[in-house]
Amino acid sequence: MSENILALLAAKGINYKAMEGGDKGVPQITSAMVAGACAGLDRIPYLLVRIKYSGDFSVINELAELICRRNDYQSTQARHLMRAAIYEVVSDNICNFCNGTGITRRTKCKSCDGTGHKPRQ
Ligand SMILES: [Zn+2]
């Protein structure tokens, strides 16, 4: 069962028919599924997976604090930068208009200028 849950976490190549619920809908990844699939991980990767795949941003401060402590970053600015870095890592950053291809209607995507990534704000 845990390999099926981990397969849900993969960005591509999901076999929905092998998942519970069959092919009639997209399976939902719940916090409980993520927690079960990540049993035994260290706290830092566990929190990162929890944020990225179950969208639980309530633990982002704990994750930033743990990473800063591990690397002996003690300033408030370092914690802010760490949170920004975590946001960057967990966001999909794929252009919504071209789905990351960089092309719409056989021309370069105007939204992302052909990069396939969301434009920087
Ligand atoms: Zn685009």
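Report the residue count in region 70-99 for those that are among the hydrophobic types (A, V, I, L, M, F, W, C) and within 16 Å of the ligand (Cβ to nearest atom).
4
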- line: With the first residue restricted to region 85-107 and required to be within 30 Å of Tyr73 (Cβ to Cβ), and the second required to be within 11 Å of the ligand (Cβ to nearest atom) and in a loop (DSSP other than H, G, I, E, B), Cβ contacts under 6 Å at 6 or more apart or on different chains are Asn93/Lys118; Ile94/Gly100
statement: Contact list, first residue from region 27-41 and assigned to a helix (DSSP H, G or I), second anywhere and exposed (fewer than 13 other Cβ atoms within 10 Å of the Cβ), beta-carbon distance below 9 Å, six or more apart or interchain, is Ser31/Gly55; Gly36/Met1; Gly36/Ser2; Ala37/Ser2; Ala37/Glu3
query: Among the residues of region 100-117, is any surrounded by 15 or more Cβ atoms within 10 Å (Cβ to Cβ), modelled with pLDDT of 90 or more and away from the ligand (no atom under 15 Å from the Cβ)?
result: no
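The values are calculated or read from the model by the stated rules, or taken from the named source; none is laboratory data. Keep in mind it's a predicted model, so treat the numbers as computed, not measured. So basically every Cβ, Gly included, is an ideal-geometry build from the backbone, and we count neighbours across all protein chains shown.
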